[in-house]
Amino acid sequence: MASKRPPVCQIFSFKDFKTSLDPIFELPALCLTPTAAPIVIDNGSFQTRAGWAAPAAELDSAPRLIFRSVAARSRGAARSETQIGNDIPNLEPLRWLLKSQFDRNVVVNFEIQELILDHVFTHLGLSSEGFVEHPILMTEAPCNPLHCRQMMSELLFECYRVPFVSYGVDSLYSFYHNNNQRNLQPPHTGLILSSGYHCSHILPVVDGRLDAVNCKRLNVAGSQAASYLQRLLQLKYPGHLAAITLSRMEELLHEHSYTAVDYHQELEKWRCPEFYEREVHRMQLPFSGKVPGGGVSVEERQERRAQQLRRLQEINTRRREEKLQQDQERLDRLLTVQELLEDGLLDQFHKSLMELNMDSAEELQSYINKLQLAVEQGRLKLLQSDGAEGKMEVGTPSRPIISQGITFKDHLHGRHRSSVELRRSAVTCLTSFWQLGGSPHCFVMNSALLSPPLVGAFDWPPALMALFPLVSAPGMWKAP
């Protein structure tokens, strides 16, 4: 009797698609004669597709441009060049910098929309500056707000001076096209379920016309499914949080998922172990030399924090020195102008006042006094910062704070210090603790100081009562 062979496991690897730059096509000659061919732009919230509305025999029927509907700017560069779609090599590092023209499925950011249209027209071979002589067919959301359509029309007519514009719903175009492919006689009647990237729509079509009154929109679509899948996998595999990216979740949805026609029947199938082992897709993550869960030690964190603190101190000191040098140079210049007045050179003095945009000697003296005060304060701050550089430490020491609490207790029992002095000590202790990077909720005090005696009544001293608002933390102790 032959033994059953174990099912073969299906192991896949993430493709991690790397986009390539969109080519700049040449304008086909048949798109100009005898009349200008229309440009079809599928303006989707996930992808933008653009091409020519020409017969399939004469021109490729597939869209010439397909790219993500996002724009990104380089980090830290205010006037850097904006990258569009496939020009962005990797979306993950720049995901927080990405901008889209859509809010859900409605265009609201028309500055980004203009950049998208510039990208489309340039790569389709339209080199005419500020003029597009081809009609435009553009898709929009079902029941698109009138204001959004008005703004889009204003952009196309006034910025690009297009001759004609036509709007339509992509799912309705697909519905009519598929019915024509199946040789169904119009008028057509049906129910369209359109699931996009941000929203899903239910569109009833009666006798070839959309019943807009009964259309429904659900704010659940591909982006929500990808985010939900990402959270589930991150909870199941906490050691691979960095590898479970949103782009890979979108790849799982597009390449390794399907829509169940009968949901309960699919659940029964997947309860079978043989079906599960045969149909399940196992994903192989790329090799990483980092040990999962290997964190940074406390000493390394403290050292890094100390380095960051020293770096910030150096930056602040350098800025103070530059500011002090600028103020000193300006003060020297003003003093030079004032010497002209003292020497009796009135013509040169008034000419210098005009160059400084000043009206009188009193205004000059006021500026000199202000600059002298600023220079003195700057020098004092530099001296204070130089003296405090070696005293600041980073960490959360517990020994000194406990000993400080014992010191409070000893002085409290000895009655050697007044309540004002004790309160001042508590303020100094807390201030030092916060400067060292600690949290006020982790403040440690001696338990004997805050615990009542086991026998007899407990008399709260006034000094200790004054100390309570300073050292108490929510939930750490309860007064009797």
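Where a number appears in this text, it was derived from the coordinates with a stated rule and is not lab data. No experiment lies behind these values; they were computed from the predicted model shown. Using ideal geometry, Cβ is built from the backbone for each residue, glycine included, and neighbour counts are taken over all protein chains shown.
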Worksheet, complete the sentence: For region 29-168, Rg(Cα) over 2.2 N^0.38 Å is 1.07
Worksheet item: Measuring from label point to label point, each 7 Å out along Cα→Cβ, what is the LEU309 to HIS256 span in nm?
Response: 4.6
Response to the item:
Computed on Cα atoms, Rg of region 194-339 relative to 2.2 N^0.38 Å comes out at 2.08
Practice prompt. Could you calculate the FRET efficiency of GLU154 with TYR228 from 1/(1 + (r/R0)^6), where r is the beta carbon distance between them and R0 is 25 Å, rounded to 0.05?
Written response: 0.10
Worksheet entry | Debye log10 I(q)/I(0) at q = 0.27 Å⁻¹ for region 201-240, Cα point scatterers | -0.86
Item to complete: Set the Förster distance to 51 Å, then compute FRET efficiency between VAL206 and TYR237 from the Cβ-Cβ distance, nearest 0.05.
Response: 0.60
Response to the item:
Compactness check, region 222-284: C-alpha Rg relative to the 2.2 N^0.38 Å globular estimate gives 1.23
Worksheet item: For region 300-388, what class follows from the C-alpha gyration tensor (a ≥ b ≥ c being the square roots of its eigenvalues): rounded when a/c is under 1.5, otherwise prolate if a/b is larger than b/c, else oblate?
Response: prolate
Worksheet item: Pairs LYS15/LYS236; LYS216/LYS269; LYS323/LYS370; LYS18/LYS269: which are spaced more than 26 Å apart, C-alpha to C-alpha?
Response: LYS216/LYS269; LYS18/LYS269
Item to complete: State, to one decimal in nm, how far the label point of GLU277 lies from the label point of VAL298, with both points 7 Å from Cα in the Cβ direction.
Response: 4.8
Worksheet, complete the sentence: Listing SER223, SER69, SER247 by rising number of other beta-carbon atoms within 10 angstrom, fewest first, gives SER247, SER223, SER69
Discussion item. Below 12 angstrom from the Cβ of GLN307, what's the summed charge of the other residues (Lys, Arg +1; Asp, Glu -1)?
Written reply: +2
Discussion item. Using the basic label-point model (7 angstrom from Cα toward the beta carbon), what is the GLU129 to LYS370 distance in nanometres?
Written reply: 4.5
Worksheet entry | Computed over region 183-249, Cα set: Rg, Dmax in Å | 18.4, 57
